Amino acid sequence: MLFQIIIFAAIAGFFIYRLYSVLGRRTGHEPVPGKEAKEPTLRDANVRSEGPRPAFTGPGAAGMEAIRRADSGFDPDEFVEGARGAYEMIVQAFAEGDRGTLKRFTAGPVYDRYDAAIAEREENNQSQTTDIVRLAKAEIEDAELDGKTARVSVRFEADLTTIIRDADGEIIEGDPSRIRTAQEIWTFERNTGARDPNWVLGRVRRA
């Protein structure tokens, strides 16, 4: 299986593994969308290889070993590649109010939070534009296998701009020339016992 990018065929399709590849307004906790990204595929970050593979090292090593025992094709490098795509795609979908994409790549509680923020914008006749200038960092922070549920947390650091416009197109919040740095940890999850190879975004928190 390819996890090989949820939020994630997914950077063609973001977990071919790539989570369905590629995960706001106000980043404290909500992602901020940017440039259009190809639909990712956080699918299982699984890549077949011949011969024994070296043990994982670094953050989340024990968790990644457990995940690989449950899913022999799991590959952390492929996972991170898919997660980068998912981040861009989910942030973009949130800014554009694309509920369909968000529903595919996020778990219920995360989707509900995004949906509520989008509904508030719509009620106030506002629109959001987010531009990811640079995705500077995407690194695995932790990993675990809880029963059959695999979870991998990725630390993202992105430079971006976000503006909110009113019904007349006037900017009421943000500055298109002001770049801010968003630092968040996104936790992707998937049921290793299910046939569906895609990962979804299960949690977002400040780094």
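The values are calculated or read from the model by the stated rules, or taken from the named source; none is laboratory data. Just so we're clear, the structure is a prediction, and the values are computed from it rather than from any experiment. Cβ sites come from the backbone with ideal geometry, for glycine too, and all protein chains shown count toward neighbours.
Looking at the range 194-203, is at least one residue within 22 Å of residue 133 (Cα to Cα) and among the acidic types (Asp, Glu)? Among the residues of the range 194-203, not one is within 22 Å of residue 133 (Cα to Cα) and among the acidic types (Asp, Glu), which makes the answer no. Counting only helices (runs of 4 or more DSSP H) wholly contained in the range 36-124, the ones carrying 3 or more residues that are modelled with pLDDT of 95 or more and either farther than 28 Å from residue 160 by Cα or among the β-branched types (Val, Ile, Thr) (or both) occupy 61-70, 76-96. The residue that is surrounded by the most Cβ atoms within 10 Å (Cβ to Cβ), counting only those in the range 133-189 that are in a strand (DSSP E or B) and of a type in the set (Lys, Arg), is 151. In the range 84-111, the residues that are more than 17 Å from residue 122 (Cβ to Cβ) form Cβ pairs under 6 Å with partners that are among the hydroxyl-bearing types (Ser, Thr, Tyr), at six or more places apart or across chains, as follows: 85/21; 86/21; 105/20. Take the conditions (1) more than 20 Å from residue 77 (Cβ to Cβ); (2) touching an Asp or Glu at 6+ places or on another chain (Cβ under 7 Å); (3) of a type in the set (D, E, K, R); residue 184 misses just one of them, which is (2).
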